[in-house]
């Protein structure tokens with residue numbers, strides 16, 4: 001049996017007396033869409049923050065291809081192929097759309113201060129290659145019409161996809177998308193739905209937090225359900241849809 005891409009073992013974090021995530025375990029293979037759902041306050045974003053290095057766990061371990069990454073910094077995790085987007089847009093509004101995507105690639109560069117100061121020809125060529133790569137990623141997410149635009153001139157739905165393009169510029173093997181369809185209209189949601197499947201089909205593993213249950217059920221190869229920081233259920237979309245505990249706690253309850 002092949003090793004899981006991501007293996008989360010008995011993960012917990014406590015904020016004072018609040019147990020935000022409690023003893024959660026799961027494994028994710030490569031090339032799938034793995035969704036995390038649950039009522040508001042269930043611990044979904046906290047779980048993302050633990051895995052992507054924003055928080056250090058109180059207990060448990062997180063392994064990427066068998067190597068522990070628990071408590072590692074986000075920049076180190078980025079170099080190891082872990083990228084993410086956030087619930088609230090993290091876009092640099094005073095930059096162009098293209099520059100925002102280029103920012104996502106900076107951790108791949110071997111630029112040093114001496115080369116930057118001297119402006120060696122190789123550096124200029126690499127910057128041009130980065131611009132071409134960023135433009136290609138904007139086309140990939142359906143934003144070719146905004147290649148020359150400033151971020152602050154773009155509509156909200158386009159900015160959500162711009163953030164995904166920036167994360168993809170890091171060339172991740174594992175990408176965490178935190179509510180990528182939040183605030184989008186049905187047409188925009190369908191565009192994001194198709195984009196996520198395209199990303200997974202390209203071989204990048206997607207971990208998704210999303211409240212749009214139609215999207216989750218349509219996209220997910222596997223679903224983890226959290227409730228009050230604990231793992232309530234895990235399985236296929238069909239298994240989750242027909243799980244009485246999930247229906248009571250979330251799908252038909254207080255979501």
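The values are calculated or read from the model by the stated rules, or taken from the named source; none is laboratory data. Quick caveat: nothing in here was measured; it's all calculated off a predicted structure. No Cβ is skipped: glycine too gets one built from the backbone with ideal geometry, and neighbour counts run over all protein chains shown.
From 132, 127, grab the single residue that is modelled with pLDDT of 90 or more, over 19 Å from the mean Cα position of the chain (by Cα) and either assigned by TED's automatic domain parsing to the domain that holds residue 161 or assigned to a loop (DSSP other than H, G, I, E, B) (or both).
Step by step, each of 132, 127 is checked, and only 132 is modelled with pLDDT of 90 or more, over 19 Å from the mean Cα position of the chain (by Cα) and either assigned by TED's automatic domain parsing to the domain that holds residue 161 or assigned to a loop (DSSP other than H, G, I, E, B) (or both).
Taking segment 144-181, which residues are closer than 17 Å to residue 87 by Cα and surrounded by fewer than 16 Cβ atoms within 10 Å (Cβ to Cβ)?
Selection gives 155, 156.
Quick check: is even one residue across segment 233-255 surrounded by 20 or more Cβ atoms within 10 Å (Cβ to Cβ), closer than 20 Å to residue 164 by Cβ and touching a strand residue (DSSP E or B) at 6+ places or on another chain (Cβ under 7 Å)?
no
From 230, 194, which residue is surrounded by fewer than 20 Cβ atoms within 10 Å (Cβ to Cβ), modelled with pLDDT of 95 or more and under 16 Å from the mean Cα position of the chain (by Cα)?
Going through 230, 194 in turn, the sole match is 194.
Inside segment 1-24, can you point out the residues that are within 17 Å of residue 53 (Cα to Cα) and surrounded by fewer than 14 Cβ atoms within 10 Å (Cβ to Cβ)?
Within segment 1-24, 10, 15 qualify.
Considering only residues that are in contact with a helix residue (DSSP H, G or I) (Cβ under 7 Å, 6 or more places away or on another chain), over 14 Å from residue 25 (Cβ atoms) and at pLDDT 95 or above, which ones fall in segment 55-81?
Those that are in contact with a helix residue (DSSP H, G or I) (Cβ under 7 Å, 6 or more places away or on another chain), over 14 Å from residue 25 (Cβ atoms) and at pLDDT 95 or above: 55, 69.
Can you tell me how many residues within segment 27-56 are surrounded by 21 or more Cβ atoms within 10 Å (Cβ to Cβ) and assigned to a loop (DSSP other than H, G, I, E, B)?
4
Condition test on residue 38, is it over 14 Å from the mean Cα position of the chain (by Cα), under 19 Å from residue 224 (Cβ atoms) and at pLDDT 95 or above?
Answer is no for this residue.
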